[in-house]
Amino acid sequence: MTVIVGLVHKGRVYLGADSAGVSGLQLTVRRDAKCFRTGPYVMGFTTSFRMGQLLRYAFQPPHPTGDLHRFMVTTWTDALRTCLKDGGWARKDSEQEQAGDFLVGVAGRLFTIHSDYQVGEPADDYAAVGCGDELALGALHATAHLGMAPRARLTAALAAATHHSAGVTGPYTFASTPKQ
């Protein structure tokens, strides 16, 4: 289900999300947004609305310090794991913890958090997660050098995923990191 798209533009991170809630062949358009701002962070989730609710309302992400990638991989991820465990969302399979996939933007950088808590940072300054991710990535790549505003690029990526994926639908929501 879903597609979350993100990009970095002039020191800010912008995210866009669809509104699909999918279970099997059932599609529900959800009112609760899949992307949002929390302090200096912007986040957009896929995998589970419960996980997203914990990210939005229960997770108290620590303030970023020092080497940002190292911070995200260690301090930030440890706080995330605790929140998801306390909220009953984290899973264990063969003694390995698993969560879900989502995007996080902070301090002008975009990170992809994978279900194994791996923290990735795209070299292209854009990313997408969810069932429509490949379609959205194609649109983000195609618009990279067209001089489009961030929201227009995100909308184009979301529209491409909506047009070609049965698990993606509007309306779209958007969020960005605060101005520096």
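The values are calculated or read from the model by the stated rules, or taken from the named source; none is laboratory data. What you see is a predicted model; the values in this text were computed from it and never measured. Note that we place each Cβ from the backbone using ideal geometry, even for glycine, and neighbour counts take in every protein chain shown.
Couple of notes before you dig in:
- Test for V168: is it in contact with a helix residue (DSSP H, G or I) (Cβ under 7 Å, 6 or more places away or on another chain) and crowded, with 23+ Cβ neighbours inside 10 Å: yes
- The one condition in (1) assigned to a helix (DSSP H, G or I); (2) acidic (D, E); (3) touching a strand residue (DSSP E or B) at 6+ places or on another chain (Cβ under 8 Å) that D78 fails to fulfil: (3)
- A single entry from D116, D133, D101, D93 fulfils the requirement of being touching a Ser or Thr at 6+ places or on another chain (Cβ under 8 Å), of a type in the set (D, E, K, R) and closer than 30 Å to L25 by Cα: D101.
- Count of region 2-17 residues, restricted to those that are surrounded by 23 or more Cβ atoms within 10 Å (Cβ to Cβ) and in a loop (DSSP other than H, G, I, E, B), is 1.
- Any hit, region 92-106, residues being of a type in the set (F, W, Y) and either in contact with a Lys or Arg (Cβ under 6 Å, 6 or more places away or on another chain) or closer than 22 Å to A20 by Cβ (or both): yes
- Test for F49: is it among the hydrophobic types (A, V, I, L, M, F, W, C) and over 19 Å from V129 (Cα atoms): no
- Scanning region 18-50 for residues that are under 16 Å from F111 (Cβ atoms) and either buried (at least 22 other Cβ atoms within 10 Å of the Cβ) or of a type in the set (G, A, S) (or both) turns up C35, G39, Y41, V42, M43, G44, F45, T46.
- Verdict on G100 being small (G, A, S), surrounded by 14 or more Cβ atoms within 10 Å (Cβ to Cβ) and either touching a Pro at 6+ places or on another chain (Cβ under 8 Å) or within 23 Å of M1 (Cβ to Cβ) (or both): yes
- The residue of region 61-87 that is nearest to F49 (Cα to Cα), among those that are among the small types (G, A, S) and out of contact with any helix residue (DSSP H, G or I) (no Cβ under 8 Å at 6 or more places or on another chain), is A79.
A quick yes/no check of all residues on (1) part of a loop (DSSP other than H, G, I, E, B); (2) surrounded by fewer than 22 Cβ atoms within 10 Å (Cβ to Cβ):
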| position | (1), (2) |
| --- | --- |
| K92 | no, yes |
| G105 | no, no |
| D124 | yes, yes |
| H141 | no, yes |
| L146 | yes, yes |
| R153 | no, no |
| A159 | no, yes |
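- Within region 22-64, the residues that satisfy the criterion of being in a strand (DSSP E or B) and among the polar types (S, T, N, Q) are S23, Q26, T28, T38.
- Candidates in region 86-109 are the residues that are at pLDDT 90 or above and over 16 Å from the mean Cα position of the chain (by Cα); of these, the one that is farthest from V129 (Cα to Cα) is D86.
- Just so you know, in region 107-122 the residues that are aliphatic (A, V, I, L, M) and within 18 Å of Y14 (Cβ to Cβ) include one that is surrounded by the fewest Cβ atoms within 10 Å (Cβ to Cβ), and it is A107.
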